[in-house]
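A short write-up of the structure that comes next.
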Amino acid sequence: MKVLVWGINYAPEATGIAPYNVALCEHLRNAGHEPRMLTSFAYYPEWRKLPEDAGKLYRTDNVRGVPVHRCWHYVPARVSALKRILHEGTFVLMSFLRGMTLPRVEVMVVVSPPLLLGAAAWLLGGLRGAAFVFHVQDLQPDAAVGLGMLKVGQFTKLLYRLEAFAYAKAARVSGISQGMLRAFMAKGVPEEKRVYFPNGARMTKLSELPNIGQWRKRQGFAPDDFLAVYSGNLGMKQGLDVLVEAAAKVRERRVRIVICGEGAARARLQERIEQRALPNLTLLPLQGDEAYREMMVDADLCVITQQSGTGQFFFPSKLLSALAFAKPVLAVADADSELALALEEGGFGRRVAPEKPEELAAMLDDAAREEPAALRRTGEAGQRFGERFAFDRVMTDFVKILEQTTTRP
């Protein structure tokens, strides 16, 4: 089966959507299919291209046996609503033109956002004779309105029309959470087109773990410090200000909050942290693969934060990493969010509502006082819950859907 995966993110990007696009392409390759990736030059989460990619229009790389066709697109130094539109629009245009020159495929997997890729895929598929699966990683219009980034008006109506058009023209519409599937149903996507395709995780074996204490020592943390780690994108949706406020209210001297990552909100977050001069809060850059594994081994607790009003529209991929490393989770999320529902079902941690730094600080204090064995049992419950997201399982099920899609009229 010849498959084109079309999305804005791919390796060497290490966070966000890119690792899941990589996993899909490599699973297809390992299963004997012929995948190729149509994507951009790497820019995320720093929102900055690599120096060697500056000014390049197109390039084809071979990344671990997968042809990766890269296209120029506009990357703003500072992200705003208008610049985000230009950013995504230039990628859709340039990648569509590149797609016209690529060998024909039997099916396309189109990863949204960008939302406009749905219309572009319908046009490219019609010209090249290929059906497409519209895979939704983020309900973009709903999230933008929920965050207050866009006001309801003519532009949002246009976005919802584009969304409806993509759902109508796609052979299948897949989402990463059950909440997304419920949203698809409410938006009129028929049951036979809805597909559950969650992001996957590589569950970590004890024999594969780095030695305990290496990362902690290298970063200057004491052996008995209680490390509460947030690692991932530093953006508006994450609502990370609550961690800064909570650090000022924590009473347990052992608690050390670590925020590790890159993103559009990093400069503002760093400024706030420097102004508060909090000795128990550390901001670090995104860690490389081995350093990340060492950090996760040394973490006592993983913190996952969401801005209020966004949890129904996206499922945080960083949760899967916490589950893979058997770490207990402290979630900052709405009660009706997908994260909260998973936490309740799996029993692998606790939740506090967004914008409640006092309650978050109190929970961090309680966690630091908890017996290590109890924390370990909580983390192990998460690892058991995470088995359902094992890469091989979710990828195998999705490939079956792709094979069925190639035979649909």
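Any residue at all in the range 271-292 that is assigned to a helix (DSSP H, G or I), buried (at least 20 other Cβ atoms within 10 Å of the Cβ) and touching a strand residue (DSSP E or B) at 6+ places or on another chain (Cβ under 8 Å)? Checked the range 271-292: no residue is assigned to a helix (DSSP H, G or I), buried (at least 20 other Cβ atoms within 10 Å of the Cβ) and touching a strand residue (DSSP E or B) at 6+ places or on another chain (Cβ under 8 Å).
For the range 295-336, residues that are closer than 20 Å to Arg254 by Cα and not aliphatic (A, V, I, L, M) total 5. Applying the set (1) touching a residue at least 60 places away in the same chain (Cβ under 8 Å); (2) assigned to a helix (DSSP H, G or I); (3) assigned by TED's automatic domain parsing to the domain that holds Ser321; (4) out of contact with any Pro (no Cβ under 7 Å at 6 or more places or on another chain) to Ala267 leaves exactly one unmet item: (1). Within the range 81-99, one or more residues are touching a helix residue (DSSP H, G or I) at 6+ places or on another chain (Cβ under 7 Å) and β-branched (Val, Ile, Thr).
For the range 384-395, a residue qualifies if it is crowded, with 19+ Cβ neighbours inside 10 Å and at pLDDT 90 or above, and the qualifying residues are Val394, Met395.
Quick check: anything in the range 210-225 more than 30 Å from Ala23 (Cα to Cα) and within 22 Å of the chain's Cα centre (by Cα)?
As a first pass, look at the range 210-225 and keep what is more than 30 Å from Ala23 (Cα to Cα): 217-225.
Add one more test, that the residue is within 22 Å of the chain's Cα centre (by Cα), and what stays is none.
Checking the range 210-225: not a single residue is more than 30 Å from Ala23 (Cα to Cα) and within 22 Å of the chain's Cα centre (by Cα).
The sole residue among Leu330, Leu319 that is outside any helix (DSSP H, G or I), within 20 Å of the chain's Cα centre (by Cα) and not aromatic (Phe, Trp, Tyr) is Leu330.
Evaluating Gln137 against the criteria (1) touching an Asp or Glu at 6+ places or on another chain (Cβ under 7 Å); (2) closer than 28 Å to Arg70 by Cα; (3) of a type in the set (S, T, N, Q) leaves one unmet condition, (1). For the residues Leu115, Leu124, the requirement of being more than 17 Å from Leu181 (Cβ to Cβ), aliphatic (A, V, I, L, M) and not in a helix (DSSP H, G or I) singles out Leu115.
Would you check which residues across the range 77-99 are touching a residue at least 60 places away in the same chain (Cβ under 8 Å) and closer than 15 Å to Val111 by Cα and list them? First the steps, then the outcome.
Step one: list which residues in the range 77-99 are touching a residue at least 60 places away in the same chain (Cβ under 8 Å), which gives 78-79, 81, 88, 91, 95, 98-99.
Answer for the range 77-99, where residues must be touching a residue at least 60 places away in the same chain (Cβ under 8 Å) and closer than 15 Å to Val111 by Cα: Glu88, Phe91, Ser95, Gly99.
One residue stands out in the range 40-50 among those that are under 23 Å from Cys25 (Cβ atoms) and out of contact with any helix residue (DSSP H, G or I) (no Cβ under 8 Å at 6 or more places or on another chain): the one that is surrounded by the fewest Cβ atoms within 10 Å (Cβ to Cβ), namely Leu50. The condition of being over 30 Å from Thr396 (Cα atoms), in contact (Cβ under 8 Å) with a residue 24 or more places away in the chain, in contact with a Lys or Arg (Cβ under 9 Å, 6 or more places away or on another chain) and in a strand (DSSP E or B) holds for only one of Val229, Val195, Val242, that being Val229.
Residue count for the range 153-192 satisfying the condition of being farther than 29 Å from Leu319 by Cβ, in contact with a strand residue (DSSP E or B) (Cβ under 6 Å, 6 or more places away or on another chain) and either in the same structural domain as Leu339 (by TED's automatic domain parsing) or part of a helix (DSSP H, G or I) (or both): 0. Every listed requirement among (1) touching a Ser or Thr at 6+ places or on another chain (Cβ under 9 Å); (2) surrounded by fewer than 21 Cβ atoms within 10 Å (Cβ to Cβ); (3) among the small types (Gly, Ala, Ser) is met by Ala265 save one, (1).
Any residue in the range 124-133 that is outside the structural domain of Leu320 (by TED's automatic domain parsing), under 23 Å from the mean Cα position of the chain (by Cα) and either at pLDDT below 95 or surrounded by 20 or more Cβ atoms within 10 Å (Cβ to Cβ) (or both)? Yes, there is a match, as at least one residue in the range 124-133 is outside the structural domain of Leu320 (by TED's automatic domain parsing), under 23 Å from the mean Cα position of the chain (by Cα) and either at pLDDT below 95 or surrounded by 20 or more Cβ atoms within 10 Å (Cβ to Cβ) (or both). Of note, Gly386 satisfies the criterion of being within 21 Å of the chain's Cα centre (by Cα) and under 21 Å from Ala18 (Cβ atoms).
Just one of the listed residues (Ala368, Ala335) is in contact (Cβ under 8 Å) with a residue 12 or more places away in the chain, outside the structural domain of Thr15 (by TED's automatic domain parsing), among the small types (Gly, Ala, Ser) and under 30 Å from Lys187 (Cα atoms), and it is Ala335.
Just for the range 51-64: of the residues that are in contact (Cβ under 8 Å) with a residue 24 or more places away in the chain and closer than 13 Å to Ala11 by Cα, which one is surrounded by the fewest Cβ atoms within 10 Å (Cβ to Cβ)?
Initially, the range 51-64 is screened for residues in contact (Cβ under 8 Å) with a residue 24 or more places away in the chain, giving 57-58, 63-64.
If we keep only those that are closer than 13 Å to Ala11 by Cα too, we end up with 63-64.
On the way: Val63: 15, Arg64: 10.
Ranking the candidates gives Arg64 first.
Evaluate the range 203-219: report whether one residue or more is crowded, with 17+ Cβ neighbours inside 10 Å, more than 30 Å from Ser112 (Cβ to Cβ) and not polar (S, T, N, Q).
Applying the first criterion (crowded, with 17+ Cβ neighbours inside 10 Å) to the range 203-219 yields 203-204, 215-216, 219.
Then drop every residue that is not more than 30 Å from Ser112 (Cβ to Cβ), which leaves 215-216, 219.
Those still in the list that are not polar (S, T, N, Q) too: 215-216.
Yes, the range 203-219 contains at least one residue that is crowded, with 17+ Cβ neighbours inside 10 Å, more than 30 Å from Ser112 (Cβ to Cβ) and not polar (S, T, N, Q).
The values are calculated or read from the model by the stated rules, or taken from the named source; none is laboratory data. The shown structure was predicted, so the numbers you read here are calculated from the model rather than taken from an experiment. Please note: Cβ atoms are built from the backbone with ideal geometry, for glycine as well, and neighbour counts cover all protein chains shown.
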